[in-house]
Amino acid sequence: MPKLEVLSEIQRKSMLMWPCVDHDDTPWTPMAKPLFESKVALVTTAGLHVRGDKPFIATQKGGDTSFRVIPRSAGVNDIVQSHTSIGFDHTGIYRDLNVTFPIDRLKELVDDGKIGSLSDNYYSFMGALRDVTGVVEESGPEVARRLKDEGVEVVLLPPTCPACSHAVSVIARVFEEEGLTTTGVVLIEEHAQRVKPPRMLAVPFFFGNALGEPDNPEYQHRVLQATFDLLDREQGPVLEQLPDDMVPDILMQGSETTISEEAAKLNAADELTSLRTYYEQWVDAHNGRTAVGLSGIAQRRFRGVVRFLEGYVAGEDVDMKERPADTSVAQYIRYCVDDLKAFYYEARMAQRPDGPYKEIHNWFWSDTAMGALTMDLAQKMRDSDDEVAKAVAYGIAR
């Protein structure tokens, strides 16, 4: 549960020290018409983008403040994630993209007559930002102008990582100052208290799960209804709690894990091959949907990716022909690791469809050769003189 009092001491201190932008006032754009007559847009800080689009980039200078356009016509199979935060479990998003980016739920609300219409384009930011200046001065106003040009009146803002509560709050302020009405979700209530966005619902869910439960449309609709209900308030800032009758029983974040001696001795390439059948079962069962795709390398060639990463750890001068010319080796390693993690998580979910998030997460980091290789890789990058590699290290292993 992402309330500060239940996080580990390290996480709690990190969140309390997060460089939030403090405000004493709140911009406020009232509803121009009822929701059932309004055009609604979805803007996320989950670092999502269309497959093949330029991924978000980890930097040492406050974070990537650019945005990506996601056409409303894009389906869940078309969208991947390149968020740089290490502070959340991706399992829920692998299971059901709607848990953080509710594209199907919004379509259903239009069909039910509860929302007037949806914008042609949605937008995505990357929420792990230590410096939001670029969002406040450039990308935020630009997205607001695009939304207004489409006739958007209401914007829904869901987060994903621990720092996203700050980012969505800042973006909400920017949009309201530009004349858009916003409502959204925050996972760290204390950040919203400092930024003072117009309307936010504080939820006690796992980081990465803004709507609470994957594969549970009914529950997701209840969270969305509570979020849209904030549009009825007459003045802000509005920061309300999820109703008590909607709070799940198990809310604690997964604890730190330690690589087992057995996992450290396993062969990562052979392990990966042994999981391929399960991964392909997952893809078939989900109509082709997979979070694999950032590296541009087909999953049946992932043994070559493993050799590439092992060579890097060994200090060899290695590269992959698929690496784009404008992408550094260190940054490309991050894309490869993200693909391998997605492959493993989806294979595990096919093996154990009812396995809890924590079990899947701990299995990867404690019991697999790939988890051990990823930790070795991160340490190698942290020890590097390359500042980009140091930054990437924090994004591939916690």
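The values are calculated or read from the model by the stated rules, or taken from the named source; none is laboratory data. Everything numeric here is computed off the predicted structure, so don't read it as measured data. For neighbour counting, all protein chains shown are included, and Cβ atoms are generated from backbone atoms with ideal geometry for every residue, glycine included. We work out accessible area using only protein heavy atoms, side chains counted, and drop any ligands, DNA or RNA first. Shrake-Rupley method; radii C 1.70, N 1.55, O 1.52, S 1.80 Å.
Things worth noting here:
- Per-residue SASA entry for residue 380, accessible area with 1.4 Å probe, Å² rounded to 10: 80 Å²
- For the chain, the share of accessible area belonging to carbon and sulfur comes to 48 percent (1.4 Å probe, ligands and nucleic acids excluded).
- Gain upon complete extension [residue 366, residue 287; 0.36 nm per residue less C-alpha separation]: 25.4 nm
- Three-way shape call for region 278-377 based on the alpha-carbon gyration tensor, with the a/c threshold at 1.5: oblate
- The sum of -39500 (n - 2.57) across all DSSP H runs of n ≥ 4, divided by the residue count of the chain, sets its helix-only mean residue ellipticity at 222 nm to -12000 deg cm²/dmol.
- Treating r as the C-beta distance of residue 313 and residue 276 and R0 as 22 Å, the FRET efficiency rounds to 0.45.
- Net charge dipole, region 22-158: roughly 320 debye, given to the nearest 20, about the Cα centre with Cβ charges of +1 for Lys and Arg and -1 for Asp and Glu.
- Here the contact order of region 306-398, divided by its residue count and restricted to Cα pairs under 8 Å and six or more residues apart, works out to 29 percent.
- Inter-site label distance for residue 194 and residue 24 at 7 Å from Cα along Cβ, in nm: 1.8 nm
- Solvent-accessible area per residue, Å², over the chain with all protein chains present [probe radius 1.4 Å]: 41 Å²
- Normalising the average separation of contacting C-alpha pairs (under 8 angstrom, six or more residues apart) by the number of residues puts the relative contact order of region 85-158 at 26 percent.
- Whole-number percent relative contact order across the chain, with pairs defined as alpha carbons under 8 Å at least 6 apart: 20 percent
- Principal-axis tilt of helix 329-351 within the chain, Cα atoms, nearest 10 degrees: 90 degrees
- GNM remark for the chain: springs join alpha carbons under 10 Å apart, and the peak mean-square fluctuation among 304, 140, 184 falls on 304.
- Among the GluC sites (Glu not before Pro) in region 62-160, those located in a DSSP loop and surrounded by at most 15 other Cβ atoms within 10 Å of their own Cβ are 150.
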